[in-house]
Amino acid sequence: MGAYLLRRLLIALPSLLGISLILFTVLAMAPGDPFSEMATNPNVPPEVREALRASFGLNDPIMVRYLRWLSNMVQGDWGFSFASRINVDRLILQRVPTTLFVVGSSQILALCIALPVGIYAATRPYSIFDQVANTLAFVGFSLPTFFTGLLLILIFSVWLDWFPFVYRSDLAATGWRWYWEMFRQAIMPITVLGLFQAASYTRYVRSAVLDVIRLDYVTTARAKGLGEKTVTLRHITRNALIPVVTLVALQMPAVFGGAIVTEQIFRIPGIGSLLIDAILANDTPVIMAVTFVFACLVVLFNLIADILYGWLDPRISFS
Amino acid sequence: MAGSTLASPSAEPVSGPAQTSAATSPGRETWKRFRRHKLAMASSLVLATLILGVVIGPWLWPVAINEIDFSAQLQTPSWSHPFGTDDLGQDLLARMIYGGRISLAVGLAAMFVATFFGIVIGAIAGMSRGYVDNFLMWVTDLFLSLPQLPLLLLVIYFFREQLKAMFGVEGGVFVLIVVVIGGLKWMPVARLVRAQFMSLREKEFVEAAKAHGATKLRQMVHHILPNAIGPVIVAATIEVSSAIIAESTLSFLGLGFPPDIPTWGRLLFDAKDHLDSAPHWALFPGAAIFLTVLSINFIGDGLRDALDPRRVI
Amino acid sequence: MKDQELGHLIARVKEGALSRRSFIKKAAAVGLAAPFANQLLAFNGVAMANATLPYKPTKAGGGGPLKMLLWQAPTLLNPHFASGTKDQIASRIFFEPLAGWDKEGNLIPQLAAEIPTKANGGLSADGKEVIWKIKPGVKWHDGKPLTADDVVFTWEYAADPATAAYTTGAYTGIKVEKVNELTVKVIFKEPTPFWADAFVGVTGQILPKHHFGEYKGAKSREAPANLKPVGTGPYKFVDFKPGDILTGERNTEYHIANQPHFDTIEVKGGGDAVSAARAVLQTGEYDYAWNLQVEDEVLKRMETGGRGKISAVVSGDIEFIILNTTDPWTEVDGERSSVKTKHPTLSDPAVRQAINLLIDRDSIQKFIYGRGGIATASFVNQPAMFKSNKLKYEFNVDKANKILDDAGYKKGADGIREKDGKKLKYVYQTSINAPRQKTQAIIKQACQRAGIDLELKSVTASVFFSSDVANPDTYTKLYVDMEMYTTTQPQPDPERFLNQFTSWEVANKENKWLGRNVSRYSDPAADEAYKAAQKELDVAKRAALLIKVNEIFCEANVILPLLSRTRVAASLNNLSHDHSGWDVDTWNLAAWYRS
């Protein structure tokens, strides 16, 4: 196992390098530049835009720019944002806690709903419970988050006036009041994201459990006289977890990457809104930094998922 | 797929068609089982109605989709406008019918593209060890980490004009959207299929097939894939709704169909600012997407139960 | 024009025989709107009026927090790097110019003791010098006094090409000299009729030399004060998270007595315009939201809640369509839409005239923009004295059909007109923005009824407005038949704005499509009138010349103006605020109060 892990980690380095090269090329070739805002303003002479392009290095060949980015990156310099002219690492670090909190909580919420509901529904397929759970799940993923978010705002902020819908990263309150205010402002975005995620998780869990539940060894376990609960939890769930682990591993990088639409709706200062603002302003250093960290997490969680497969199903070998 | 029901997930040796009941062929057997799945049958009917509706709808309801009538802004459903009107007084039923063709076609086509690529890449990665697996997973990781928006802008910038020349305005955009959505959504399917394959390839029934001299391809297609299909069907059905919604995001970004083409996702998006005063505007496209998703999912459930020979229905 | 009559009236105001107010009334009678009448007085040595918002609170502070919501979040706080309005609004909280523009286009002193006029010796007779007197006793937030050195330094800083300040246009080609500790002199090379550019409004904010002195030129990015501004404004800096939130506290040493009213200020960013309006009008979470480019229907519905109100002020921004008279589909010397080519059908004035008749401007205003725009046929609308009274618009499908019939365009089997095998089929492009897409739909339908087929295209704003040389979808490339967007007129004077109608500004491959004349159309008569206006010191004659430039382009139907845009903001009912279409929303922030 140790040798395997080492080998995978060693492979990860060149593969990340390759990914970073492709990311950089895509971003450099993508249309647009950071100066669209002053475009129709006659007070900004074209020479200023040209001078800025040159000073940001946008006129150099892509390979030169990539190598410059790479060598700076290795030395820990992530560059500066074209839009705010401050260092990219500082911008990102400002956003990390909020993103981890909001998106992380929604993932936990999604799993807390999906695992029990999915397993229970699968053990009684086509029962009333299963039908209701399924239908709710379909509603969940056929409605986009921009829509459910707005619906919640209309109901809970505009009509009932219970929760604020503008998320603030610097709440003025302290002590218990702080927690209460935090709860009030975080509940809607977390619900929107969590339920959307829970809807598809539930379907996957149900399907995975259904696949396992009628395999021979489950019948064998039952025949041995093991209790239904033990069978479900120890024999079925463990084997059904492989697709679930895959999905969770796919979603984990998003806990860092944020949720663009939901963050926009509730004005959450997370990485997702940083990324979309940067994309719309063609602020390449920020986009590059966020996506590269994201890429590292994708690779890392893929590795973690592979290791978990081996643990869940010891017959999977990686030799 | 029908033939694959033969390879049941048991330790039994592979049996040829001769050994199964002479009366029913495997395809027919699946169909028979599928037919007994009431929800799936009902859903097939609903989906067929939806498709039929958007195909022959323009003849039954010959109202122009872009007839602007400022005297009929935001009207609730009535006889002259069964689904009401939007803020330019355009008839929503006509727009729903027109947009439904595109939304359904995009949803289904993108699902097939994504599922096909996902299965192929996942299956190859799951069966092979070493370099092939590493390389394919690298590609998957790469696609997962690509920021989609700049990538889309780039793709459209490179290919829009060529595709427009080849397929016309709407045809070109359709091909582009299906390829783009399909091309950006296959990764979860690939990861799921790979994980299932890695687990299943070690199972006894595969060993048995191997012992019987089944080629690697046969093992994959006939023995492992049918057993890995559960999560794939779920992923594929979820894909339909996410493709319909993704299309609306694309057109919002100016990357999809021209702004005057009312796809379901776009109708829903346009309706959101009027949700409090004209809920009917959002209700109909929302319900249409929901019905599509619902029926496709139940069909998926039915298919999967029908493909599983041990399931008693 | 009625030069003599006006001259006589001005003389009477100076003598005190005529009140300022009645002068403006009389001026209006001869077709001059208030802002211009005011400027006329100023130019002729009558002092300008004071701030437009009467300030009621009798002491500074005590107003609690002021919460503003900008749906585009500010990203930096140095006013000379502020690329967008969002950044300009944020930096104006801390920094101030010598003078700002109120909503009527009046110049109001801020850090200046008074507005320079001929009477007070501030303006030289030859139009080449302006002397600014700085208000005494103004202190920076760190307690140091504001002096002429800071003003001179601001010029040096912004004019240095290595600084790459966005405001540099106002500072190149001038010289600024210190006269004494509180007086500076601005020297122009040529007689300059519009002198209120450097140190005024958006481009004019004064920087403290003791904070930015070492960071002029290439080192400009490294200044710590870029992120921790030290200015003279009504609020002092507390904290800033780029792209998210900005907070400030009351400047207790502010240079106007009893101001400001609020104890703290918070500017939150992000989200979209509709929900920003919601947060003010429906839930009241915020006091003020800016730049609400939202359909008026939606805003009106939110207003019915009774919590807040909408206010709209005129601006010089214009939403318009360009009809391309060059051929966008043929490449010549590596560029499409080259002036060397001619559009197969749009180069025919009859077709352009017909399209202009197919634009239902009244419906576009009534059903889409509402208070957000005023239908117009003139490219320049504000200040009203520069608006052409000759240009009229009309929506008439029958007339358009007749013109096309007479010009020999016959309808084919598909209902699309053609002549000599050339069909009236056009690609109509704009940026992505809901009201624009609806406008496109309305125009498309009318054109359909006249046998013209429009293919609608919308490009995401970040690409459309970029100067990316490689991209064919930018607005300056004009690789389409028709294009629609809004262009901004930042000052209440259209001279620099109208340079987009001159032949030397034509965008082409040579100038990397950075030229301001996107339409590519040119007319020697317009060039001549523009050059004459640049030197003309007589206000009325100059206006007539600029109007001529405007009319030449609009009458050729190359430029089809749609709406003169207004700036729309939402505020709570109890907030008294003062925003202006000629300056940023926070230009007079010190005078805001809650009643």
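The values are calculated or read from the model by the stated rules, or taken from the named source; none is laboratory data. Keep in mind that this is a model prediction, so the values were computed, not measured. Because the Cβ atoms are built from the backbone with ideal geometry, glycine has one as well, and the counts that use them run over all protein chains shown. Areas reflect the complete protein model, heavy atoms only, side chains present, ligands, DNA and RNA absent. Shrake-Rupley method; radii C 1.70, N 1.55, O 1.52, S 1.80 Å.
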### Task
Select from the range C:167-177 the residues that are within 9 Å of chain A (Cβ to nearest Cβ), open to solvent by less than 20 Å² (accessible area, probe 1.4 Å) and either on the phi > 0 side of the Ramachandran plot or among the hydroxyl-bearing types (S, T, Y) (or both) and list them in ascending order.
C:T167, C:T168
### Task
Filter the range C:263-287 for residues that are part of a strand (DSSP E or B) and either surrounded by 24 or more Cβ atoms within 10 Å (Cβ to Cβ) or at pLDDT below 85 (or both) and give the result.
C:I265, C:V267, C:K268, C:G269
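Anything in the range C:138-155 that is in contact with a strand residue (DSSP E or B) (Cβ under 8 Å, 6 or more places away or on another chain) and touching a residue at least 12 places away in the same chain (Cβ under 8 Å)? List them, or say none.
Pass one, the range C:138-155, residues in contact with a strand residue (DSSP E or B) (Cβ under 8 Å, 6 or more places away or on another chain): C:138-139, C:141, C:145-149, C:151-152, C:155.
Those that are in contact with a strand residue (DSSP E or B) (Cβ under 8 Å, 6 or more places away or on another chain) and touching a residue at least 12 places away in the same chain (Cβ under 8 Å): C:V138, C:K139, C:H141, C:L146, C:T147, C:A148, C:D149, C:V151, C:V152, C:W155.
Does C:H255 satisfy being within 22 Å of C:A60 (Cα to Cα) and in contact with a strand residue (DSSP E or B) (Cβ under 6 Å, 6 or more places away or on another chain)?
It is false that C:H255 is within 22 Å of C:A60 (Cα to Cα) and in contact with a strand residue (DSSP E or B) (Cβ under 6 Å, 6 or more places away or on another chain).
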### Message
Looking at the range C:459-484 only, could you name the residues that are of a type in the set (A, V, I, L, M), within 11 Å of chain A (Cβ to nearest Cβ) and closer than 21 Å to C:G334 by Cβ?
### Response
C:V463, C:V469, C:A470
### Summary
When restricted to A:L67, A:L23, the only residue at pLDDT 85 or above and touching a Ser or Thr at 6+ places or on another chain (Cβ under 8 Å) is A:L23
### Query
Can you tell me which residue in the range C:299-319 is surrounded by the fewest Cβ atoms within 10 Å (Cβ to Cβ), limited to those that are in contact (Cβ under 8 Å) with a residue 24 or more places away in the chain and hydroxyl-bearing (S, T, Y)?
C:S311
### Query
In the range B:122-135, which residue that is in a helix (DSSP H, G or I) and open to solvent by 30 Å² or more (accessible area, probe 1.4 Å) is farthest from A:I316 (Cα to Cα)?
B:F135
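Just to be sure, is B:G107 more than 30 Å from C:E295 (Cβ to Cβ), within 14 Å of chain A (Cβ to nearest Cβ), among the small types (G, A, S) and crowded, with 19+ Cβ neighbours inside 10 Å?
Details: more than 30 Å from C:E295 (Cβ to Cβ): no; within 14 Å of chain A (Cβ to nearest Cβ): yes; among the small types (G, A, S): yes; crowded, with 19+ Cβ neighbours inside 10 Å: yes.
Answer is no for this residue.
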### Considering residues of the range A:217-254 that are aliphatic (A, V, I, L, M) and farther than 20 Å from B:L192 by Cα only, the residue surrounded by the fewest Cβ atoms within 10 Å (Cβ to Cβ)
A:A223
### Task
Quick one: in the range A:115-126, of everything that is in contact (Cβ under 8 Å) with a residue 40 or more places away in the chain and within 11 Å of another protein chain (Cβ to nearest Cβ), which residue is surrounded by the fewest Cβ atoms within 10 Å (Cβ to Cβ)?
A:P125
### Message
Let me confirm something: among C:A441, C:A413, which residue is open to solvent by 40 Å² or more (accessible area, probe 1.4 Å) and either small (G, A, S) or within 11 Å of another protein chain (Cβ to nearest Cβ) (or both)?
### Response
C:A413
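Quick one: would you say B:A190 is touching a Pro at 6+ places or on another chain (Cβ under 7 Å) and on the phi < 0 side of the Ramachandran plot?
Numbers: touching a Pro at 6+ places or on another chain (Cβ under 7 Å): no; on the phi < 0 side of the Ramachandran plot: yes.
It is false that B:A190 is touching a Pro at 6+ places or on another chain (Cβ under 7 Å) and on the phi < 0 side of the Ramachandran plot.
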### Query
How many residues does the range A:78-92 hold that are open to solvent by less than 20 Å² (accessible area, probe 1.4 Å) and either among the acidic types (D, E) or within 7 Å of chain C (Cβ to nearest Cβ) (or both)?
3
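Can you tell me how many residues within the range A:202-226 are closer than 17 Å to B:A228 by Cα and either touching a helix residue (DSSP H, G or I) at 6+ places or on another chain (Cβ under 9 Å) or not basic (K, R) (or both)?
So in the range A:202-226, the residues closer than 17 Å to B:A228 by Cα come out as A:203-216.
Applying the additional criterion that residues be either touching a helix residue (DSSP H, G or I) at 6+ places or on another chain (Cβ under 9 Å) or not basic (K, R) (or both) yields A:203-213, A:215-216.
Residues in the range A:202-226 being closer than 17 Å to B:A228 by Cα and either touching a helix residue (DSSP H, G or I) at 6+ places or on another chain (Cβ under 9 Å) or not basic (K, R) (or both): 13 in total.
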### Query
When residues of the range C:90-106 are filtered for being modelled with pLDDT of 90 or more and within 21 Å of the chain's Cα centre (by Cα), how many remain?
11
### Task
Could you grab me the full set of residues in the range A:136-150 that are out of contact with any helix residue (DSSP H, G or I) (no Cβ under 6 Å at 6 or more places or on another chain) and more than 7 Å from every other protein chain (Cβ to nearest Cβ)?
A:L136
### Message
Scan the range A:127-142 and tell me whether some residue there is crowded, with 19+ Cβ neighbours inside 10 Å and free of Cβ contacts under 8 Å to residues at least 12 places away in the same chain.
### Response
yes
### Task
Mind listing just one residue for me: the one in the range B:57-88 that is small (G, A, S) and open to solvent by 60 Å² or more (accessible area, probe 1.4 Å) and, of those, nearest to the other protein chains (Cβ to nearest Cβ)?
B:S71
### Message
I'd like the full set of residues that are open to solvent by 50 Å² or more (accessible area, probe 1.4 Å) and away from chain C (no Cβ under 14 Å), limited to the range A:61-76.
### Response
A:M63, A:V64, A:L67, A:R68, A:S71, A:N72, A:V74, A:Q75
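In the range A:156-197, which residues are in a loop (DSSP other than H, G, I, E, B) and either at positive phi or open to solvent by less than 50 Å² (accessible area, probe 1.4 Å) (or both)?
Taking the range A:156-197 first, the residues in a loop (DSSP other than H, G, I, E, B) are A:160-174.
Of everything in the range A:156-197, those that are in a loop (DSSP other than H, G, I, E, B) and either at positive phi or open to solvent by less than 50 Å² (accessible area, probe 1.4 Å) (or both) turn out to be A:D161, A:F163, A:P164, A:F165, A:V166, A:Y167, A:R168, A:S169, A:D170, A:L171, A:A173.
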### Summary
Among helices (runs of 4 or more DSSP H) entirely within the range A:252-319, at least 2 residues that are within 29 Å of A:L241 (Cα to Cα) occur in A:260-266, A:284-312
### Task
Report yes if some residue within the range B:160-178 is surrounded by fewer than 23 Cβ atoms within 10 Å (Cβ to Cβ) and within 10 Å of chain A (Cβ to nearest Cβ); otherwise report no.
no
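Considering only residues that are aromatic (F, W, Y), under 28 Å from B:E247 (Cβ atoms) and at the interface with another protein chain (Cβ under 9 Å from one of its Cβ atoms), which ones fall in the range B:122-157?
Of the residues in the range B:122-157, the ones aromatic (F, W, Y) are B:131, B:135, B:138, B:143, B:157.
In the following step, the residues that additionally are under 28 Å from B:E247 (Cβ atoms) were identified as B:143, B:157.
Within the range B:122-157, just B:Y157 meets the criteria.
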### Message
Looking only at helices (runs of 4 or more DSSP H) that lie completely in the range B:191-303, which have at least 2 residues being open to solvent by less than 10 Å² (accessible area, probe 1.4 Å), free of Cβ contacts under 8 Å to residues at least 24 places away in the same chain and within 7 Å of another protein chain (Cβ to nearest Cβ)?
### Response
none
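Looking for whichever is modelled with pLDDT of 80 or more and closer than 30 Å to C:A159 by Cα here; the options are A:D60, A:D33. Which one fits?
On the way: A:D33 fails: modelled with pLDDT of 80 or more.
When all the criteria are applied, what remains is A:D60.
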